[in-house]
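To keep things clear, I will list the structure first and then write my remarks on it.
The values are calculated or read from the model by the stated rules, or taken from the named source; none is laboratory data. The shown structure was predicted, so the numbers you read here are calculated from the model rather than taken from an experiment. Glycine gets a Cβ as well: all are built from the backbone with ideal geometry, and neighbour counts include every protein chain shown. What goes into the accessible areas is simple: the full protein's heavy atoms, side chains included, and nothing from ligands, DNA or RNA. Shrake-Rupley method; radii C 1.70, N 1.55, O 1.52, S 1.80 Å.
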Amino acid sequence: MKRNPNQFSNSKIATYQQCPFKYKLQYLTDTESSFDTIEAFMGQRVHDSLEKLYLDLQMAKLLSLDQLLSFYNEIWNKHWNENIHIVKKEYTKDDYRYKGEECLKNFYNRYAPFNQDKTIALEKIFNFKINEKYTILGFIDRLAKTEDGAFVIHDYKTSNTLPTQEQIDSDRQLPLYRLGVKALWPDVKEIRLVYHYLTFDIELTPSCSITIEDEEKMKDELIESIKQIESTEEYNPVASNLCNWCEYQPDCPKRKHIFKVESIPSEIYHDDDGVKLVDRYVEVWTKEQEIKKAQEEIKNRLFEYAKKENVEAMKGSNYKIYVKAKVEKTFPNRDDPGRKELEDLLKKSGIWEEVSYFSPYSLKQRLTSGGLNQDLANKITPYQIEKENNWVSQPYKLKFS
């Protein structure tokens, strides 16, 4: 099916914000993913089972919990395939299957006999315009109506992470779905949003009502996000904690080798050329760090000797070196204590725009060269701090006649 370039969804925008490279593969080049994660597989089977539960309820048929779990396991086995990827190797597919069962048990025991509201639609697809150009597409897990006439958007989550109330309040997904419902049923007076975190048997809702101003702000933010996507020229990969679960790892320059070798049997793992190169690099890098550490220790001893003996040149068996070991006054760097006070003083003096790009060394040069008026010079002088300015030259080969 041909994609509409002006149609976006919450997940499409979120994918770009997570990783532009994944966005390119998924939405621009229609690259087929190499696998599904077991978390996504389990979540889909739970969604399918809850859809079955409410479809039967629409026909006045109430499934028992055993019947619901039987359906879940039936579709689990039907759809299971070898392309389901398990990231956390300490868990098996049955561990995830049991987790899905627990999600369904939690939901069933909490809401049975499911008469809190009346289902209007399941897996409802909607789209609406946010301006003359862009359309938003969405999928509502379950849309229902309460006895007092309010519509309720239900969304099921099987995640192992429970968001904070602050995160729920700032989440864009269901408020966006709310706009879709308003477009379909403009006369509805109230639309409630409910996130069902099934793993925890917890129901979360936004803590404050959504105003017209909030909706307009959200539309503006969506339009800006879409324009940013459209202006992108290079869709570069972005590494994050989510990379382990990305279904495009075999195509990603940041992940393809890691993903490849993770599936190599241990007895031939070290035969891979990439593994060999990394191991060799780490070996050399480790030695380099050890040498640098030893070099710093020797330098410190040279500085101590130079200060003690008041020398600036030293001779060895075949080489000589030059050493400077002294304490100089300078101004604080950005991460040093006292930096903020100094910046405030310079801003009040009226010359901040002139010196804000100066390094501590340049500011010191300005002070010592008389480039500041005496009043300001007197004020900033107390902010000078003492720092060791130690230096060792490269070795110079001694010339013997």
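Structure data summary
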item: Matching residues, region 366-381, being in a helix (DSSP H, G or I) and either surrounded by 12 or more Cβ atoms within 10 Å (Cβ to Cβ) or of a type in the set (Ser, Thr, Tyr) (or both); result: ARG366, LEU367, THR368, LEU376, ALA377, LYS379, ILE380, THR381
item: Test: residue in region 55-63 that is polar (S, T, N, Q), under 26 Å from the mean Cα position of the chain (by Cα) and farther than 30 Å from GLU90 by Cα; result: no
item: Residues (under 30 Å from the mean Cα position of the chain (by Cα) and buried (at least 19 other Cβ atoms within 10 Å of the Cβ)) located in region 175-193; result: PRO175, LEU176, TYR177, ARG178, LEU179, GLY180, VAL181, LEU193
item: Test: residue in region 55-71 that is within 24 Å of GLN173 (Cβ to Cβ), modelled with pLDDT of 95 or more and in contact with a strand residue (DSSP E or B) (Cβ under 9 Å, 6 or more places away or on another chain); result: yes
item: Residue match in region 204-220 (condition: of a type in the set (Asp, Glu), in a loop (DSSP other than H, G, I, E, B), open to solvent by 80 Å² or more (accessible area, probe 1.4 Å) and under 25 Å from LYS22 (Cα atoms)); result: no
item: Positions within region 137-161 being assigned to a strand (DSSP E or B), modelled with pLDDT of 95 or more and open to solvent by less than 30 Å² (accessible area, probe 1.4 Å), in sequence order; result: ILE140, ASP141, ARG142, LEU143, ALA144, PHE151, VAL152, ILE153, HIS154, ASP155, TYR156
item: Whichever residue in region 313-348 is among the polar types (S, T, N, Q) and surrounded by fewer than 13 Cβ atoms within 10 Å (Cβ to Cβ) and, among such residues, is nearest to TYR396 (Cα to Cα); result: ASN318
item: Verdict on TYR96 being over 20 Å from LEU143 (Cβ atoms) and either in a helix (DSSP H, G or I) or within 35 Å of the chain's Cα centre (by Cα) (or both); result: yes
item: Selection count where residues are within 32 Å of the chain's Cα centre (by Cα), over 14 Å from HIS196 (Cβ atoms) and not small (Gly, Ala, Ser), scope region 144-170; result: 7
item: Qualifying positions in region 113-124 - in a loop (DSSP other than H, G, I, E, B) and in contact with a helix residue (DSSP H, G or I) (Cβ under 8 Å, 6 or more places away or on another chain); result: PHE114
item: Residue that is more than 24 Å from the chain's Cα centre (by Cα), surrounded by fewer than 15 Cβ atoms within 10 Å (Cβ to Cβ) and either assigned to a loop (DSSP other than H, G, I, E, B) or hydroxyl-bearing (Ser, Thr, Tyr) (or both), where the choices are GLU283, GLU234, GLU267; result: GLU267
item: Some residue of region 220-235 being over 30 Å from GLU132 (Cβ atoms) and of a type outside the set (Lys, Arg); result: no
item: Test set (1) small (Gly, Ala, Ser); (2) free of Cβ contacts under 8 Å to residues at least 40 places away in the same chain; (3) within 16 Å of GLU386 (Cα to Cα) - GLY338 fails condition number; result: (2)
